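> I have a structure here, written as structure tokens, and I will follow up with some questions on it.
The values are calculated or read from the model by the stated rules, or taken from the named source; none is laboratory data. Here the structure is a predicted model, which is why all the values come from computation and not from measurement. Cβ sites come from the backbone with ideal geometry, for glycine too, and all protein chains shown count toward neighbours.
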Amino acid sequence: MIQLQGLSKIYPSKNGPVAALRSVDLTVADGEIHGIIGASGAGKSTLVRCINLLERPTGGRVLVDGEDLTRAKPARLREVRRKIGMIFQNFCLLEQRDVAGNVRFPLELAGLKRGKADERVKELLSLVGLTDKIGAYPSQLSGGQKQRVAIARALATGPRYLLCDEATSALDPATTASVLNLLKDINRTLGVTVVVVTHEMKVIEKICDTVSVIGDGTVAESGAVSEVFADPRSSAARELILPEAYRVGKAAEGEKRIRLIFDGERPTNAPIVSSLSLDLGVPVNILYADTRLIDGRTVGQMVISLPQGGDLSEKVERYLTGKEVRFREEN
């Protein structure tokens, strides 16, 4: 388990200190794929780099399996880092080494004998589907192949955790999908806990079990992906997940806005809006609608506009409650 407690990171600048992280509390359970998402400059990459102390926090604690890494001596920290693999957006491969040499490198640092190391290299390249590229150099590989080599290298020492810092940002959509499928397979077959930092919503939707939304250096919201995406509570999450809904402007006088929440628990093919309009005789205007498939369930939301007045609001709320439809007022 990874636990961040009161984590802060402050950088000096000519205009004074800049707080990249402020009192962050976060827990990543063993065996899950946890997404960290936020706008550019929100602090998400700094956050993931603090987990293995590539960035040393200014304050707070980083606990991995109950051990506070901020208090670990250098030799112990190096030992613990073997349990924490990491892959980056720009791959970070050694250009003068071939594929086998890149994957073997952490095994050499760990002191593994050459024969055993070569066996491990072949095993890992088979896992990531690059057995035929064992003697190729990075300059001869595509972006997706480079990232697969980086993943194999990150897994070389048998880590329990894999940190992915914008690992698919430099890849095209098809290659991104194949790399995400590989990460999901690694999580499922090897039991490796994966932390994914990204600004892409579809990455979170495709492979993550849980998600934390970062805004202005803090965790604005955390929870199951299906729950957070269906019903974002914080302003940071709402701006990421409901961007269109916030471009429709303020409600006009005499207008009531309601956001219908589809959380995957109820069928989304029921004609809720048309039934509401016909049964209550209410003119309904759809301002925004979006649904997506997450973990086999359809989740999303719809913002509708209704005339406001009399006991209409109560009737609408009673009607939606009777149909077991979750909703929130947006006025």
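> Hey, among the residues in region 272-331 that are among the basic types (K, R) and surrounded by 13 or more Cβ atoms within 10 Å (Cβ to Cβ), which one's farthest from I241 (Cα to Cα)? Lay out the reasoning, then the answer.
So in region 272-331, the residues among the basic types (K, R) come out as 292, 297, 315, 318, 323, 326, 328.
Pick out the ones that are also surrounded by 13 or more Cβ atoms within 10 Å (Cβ to Cβ) and you get 292, 297, 315, 323, 326, 328.
Working: R292: 11, R297: 17, K315: 29, K323: 25, R326: 17, R328: 16 Å.
That would be K315.
> Give me the pairs, please: first residue somewhere in region 256-277 and outside the structural domain of P232 (by TED's automatic domain parsing), second residue anywhere and modelled with pLDDT under 75 and part of a strand (DSSP E or B), beta-carbon distance under 6 Å, and either six or more positions apart or on two chains.
G264/R297
> Just to verify a result, which residue in region 64-90, among those that are of a type outside the set (A, V, I, L, M) and in contact (Cβ under 8 Å) with a residue 60 or more places away in the chain, is farthest from T168 (Cα to Cα)?
So in region 64-90, the residues of a type outside the set (A, V, I, L, M) come out as 65-68, 70-71, 73-74, 76, 78-79, 81-83, 85, 88-90.
From what is left, the residues that are in contact (Cβ under 8 Å) with a residue 60 or more places away in the chain are 65-66, 82-83, 85, 88-90.
Details: D65: 28, G66: 30, R82: 23, K83: 22, G85: 16, F88: 9, Q89: 6, N90: 9 Å.
Of everything passing the filter in region 64-90, G66 is farthest from T168 (Cα to Cα).
> Give the residues of region 11-25 that are of a type in the set (A, V, I, L, M, F, W, C) and either modelled with pLDDT of 95 or more or within 20 Å of the chain's Cα centre (by Cα) (or both), sorted by residue number. So that I can check it myself, show each step before the final result.
Step one: filter region 11-25 for residues of a type in the set (A, V, I, L, M, F, W, C), giving 18-21, 24.
The answer is A20, L21, V24.
> Right, another one. On the basis of being in the same structural domain as T157 (by TED's automatic domain parsing), among the small types (G, A, S) and under 26 Å from E221 (Cβ atoms), does G16 make the cut? Talk me through it step by step, then tell me what you get.
Values: in the same structural domain as T157 (by TED's automatic domain parsing): yes; among the small types (G, A, S): yes; under 26 Å from E221 (Cβ atoms): no.
No: the conditions fail for G16.
> What is the residue count in region 111-122 for residues that are of a type outside the set (K, R), surrounded by 14 or more Cβ atoms within 10 Å (Cβ to Cβ) and over 19 Å from G144 (Cα atoms)? It would help to see each step written out before you state the result.
Taking region 111-122 first, the residues of a type outside the set (K, R) are 111-112, 115, 117-119, 121.
From the residues that got through so far, the ones that are surrounded by 14 or more Cβ atoms within 10 Å (Cβ to Cβ) too are 112, 117-118, 121.
Within this subset, residues satisfying the condition of being over 19 Å from G144 (Cα atoms) are 112, 117-118.
Residues flagged as of a type outside the set (K, R), surrounded by 14 or more Cβ atoms within 10 Å (Cβ to Cβ) and over 19 Å from G144 (Cα atoms) within region 111-122 amount to 3.
> Give, as residue ranges, the strands (runs of 3 or more DSSP E) completely inside region 1-95 that count at least 3 residues that are among the hydrophobic types (A, V, I, L, M, F, W, C) and surrounded by fewer than 20 Cβ atoms within 10 Å (Cβ to Cβ). Step through it out loud before you land on a result.
Details: elements: 2-11, 18-28, 33-38, 59-64, 84-88.
Of the strands (runs of 3 or more DSSP E) lying wholly inside region 1-95, those with at least 3 residues that are among the hydrophobic types (A, V, I, L, M, F, W, C) and surrounded by fewer than 20 Cβ atoms within 10 Å (Cβ to Cβ) span 18-28.
> Run down R120, R114, R160, R148 and say which single residue is basic (K, R), out of contact with any Cys (no Cβ under 6 Å at 6 or more places or on another chain), in contact (Cβ under 8 Å) with a residue 60 or more places away in the chain and at negative phi. Before the answer, list the steps.
On the way: R120 fails: in contact (Cβ under 8 Å) with a residue 60 or more places away in the chain; R114 fails: in contact (Cβ under 8 Å) with a residue 60 or more places away in the chain; R148 fails: in contact (Cβ under 8 Å) with a residue 60 or more places away in the chain.
None of the other options fit; the residue is R160.
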